[in-house]
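The values are calculated or read from the model by the stated rules, or taken from the named source; none is laboratory data. In this text the structure is predicted, and so the values were computed from the model without any measurement. Reconstructed Cβ throughout: ideal geometry from the backbone, glycine too, with neighbour counts over all protein chains shown. Calculation scope for accessible area: heavy atoms of the full protein, side chains included, ligands and nucleic acids excluded. Shrake-Rupley method; radii C 1.70, N 1.55, O 1.52, S 1.80 Å.
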Amino acid sequence: MSTREELQVPRAEFRSYYGRPILKEPTWKVPDVPLYFFLGGMAGASATMAALADLTGQEGLARTGRYAAAFGSTASVAALVHDLHRPTRFLNMLRVFKPTSPLSVGSWILAPFSGTAAAAAVSTVTGVLPAWGRAAGLASGVLGPALSTYTAVLLTDTAIPAWHEYHRELPFVFAGSALASGAGAALVAAPPAELAPARRMAVLGAGIELAAATRIERTGGIVGEPYRTGRPRRLMAAGRILTGVGAGLALAGRRSRLVSDRNSRLLSAAAGVSLLAGGVCTRFGVFYAGRASAADPKYVVMPQRDRVAARSDGAAEGTATAKTGGATGPGSPPR
C-alpha cells in the first residue's frame, strides 16, 4: 500500500470505556483548595519578607509581614481542614513523615510554619517575650519558601496531565505568584516609608510568574490546551493582567517629586489589591485547568501516543544506524 493510500485511512478515535474519563477528577473542593494554595503562598512569602525586614531594622514592614503570615497560614489551615471535613484528618497526616510524599512533607512544613508565624504575630501584638517572638518570626521566614512552593510539587506529583506535564514550570508560577501576593499584602498595610523592598519584591515575583505562565500556555502542545480554553484561560488571563497592573502601579507609587505622599499611598494600596487578586486568579486557573485535563481522555491518550511514537522512531533510527555500521554521513568509513 502506498503512503498516499495510508494517509487516506482515518485514524481510530480514542475512547474510554462507556465514555467515562480515564482519570478520576480531583475531588478537592472549590474554593477551599485553590484558596489554600493562594493563602499558603502569600503567607510563606510574607514571613520571609518579615524576617529580612527584621534583620534590616524595618520594623513596620516586619510587623505587617508577620501579621500577613499568621493570617494566611491560619486561614490556609482552616481551608484545608474544611476540605478534609474533620480536623483529625489533618492531624493524622502528622503521624508519620514520608520524604517521598509531597503531601506528608507539606504537612510537616505547614504545621510548624503556622505555629511559629502565629507565635511571632502574638508576640508582636502583645509585646510579650519579644526575643522568642523574633526567633519564631525568623523560623517561619526560613520555612516560607518551602511553604510557597510545595503545593506546586504536590500538584505535579499527580497523574493529572495539565499539572504533571509542567513539573518544571508550575513551581516557578507558584513561587512568583507567592512573592507578588506577599508584596501585595505589604503594599496595602505597611508604612509608606518602608515599601521599597515590597515594590522590588512585587516586580520580581510578577516577572517570574508571568514568564513561567506564558511558557506553559505557549509551548504546551495539546496538554497545554486546558490553559488556553474556557474558564482556565479567562482566569489565567485575568491573573496576568492583574499581576502586571499591580507591578506597574507598585513602580508608579514610588515616592518622588512627581507623586505626592497621598497619591503614592493610594497607588501602593491599589497595587497591593491588584497583586492579591492576580494571585487568586492564577491559583484558580491552574486548579481548573487540571480538572479539565482529567475530564477529557484526549489529554491522557494523545501524549502517550506521542511518547510511544517517539520511542519507536528512536528505536528505528538506532536499528538503521546499526545496519549501516554506525556511519555518520556520506563518505564516512565503516567502523
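Tabulated data
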item	result
Boolean, Phe14 is at pLDDT below 85 and open to solvent by less than 90 Å² (accessible area, probe 1.4 Å)	yes
Residues satisfying the stated conditions in segment 172-190, i.e. open to solvent by 40 Å² or more (accessible area, probe 1.4 Å) and either in contact with a Ser or Thr (Cβ under 8 Å, 6 or more places away or on another chain) or among the aliphatic types (A, V, I, L, M) (or both)	Leu179, Val188, Ala189
Out of Val203, Val223, sole residue that is open to solvent by 50 Å² or more (accessible area, probe 1.4 Å) and not acidic (Asp, Glu)	Val203
Any hit, segment 90-109, residues being part of a helix (DSSP H, G or I) and under 24 Å from Met201 (Cβ atoms)	yes
3 or more residues under 26 Å from Phe71 (Cβ atoms) and in contact (Cβ under 8 Å) with a residue 24 or more places away in the chain: qualifying helices (runs of 4 or more DSSP H) within segment 142-222	170-189, 196-219
Among the candidates Arg234, Arg262, Arg307, residue that is modelled with pLDDT under 85 and under 27 Å from the mean Cα position of the chain (by Cα)	Arg307
Yes/no for Phe37 being at pLDDT 95 or above and either in a loop (DSSP other than H, G, I, E, B) or surrounded by 20 or more Cβ atoms within 10 Å (Cβ to Cβ) (or both)	yes
Cβ pairs under 9 Å, 6+ apart, first in segment 95-110 and closer than 20 Å to Pro145 by Cβ, second at pLDDT below 85 and part of a helix (DSSP H, G or I)	Ser107/Phe90; Leu110/Phe90
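Let's see how each residue does on (1) β-branched (Val, Ile, Thr); (2) open to solvent by less than 70 Å² (accessible area, probe 1.4 Å); (3) within 22 Å of Pro171 (Cα to Cα):
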position: Leu94; (1), (2), (3): no, yes, no
position: Ser104; (1), (2), (3): no, yes, yes
position: Leu129; (1), (2), (3): no, no, no
position: Ala135; (1), (2), (3): no, yes, no
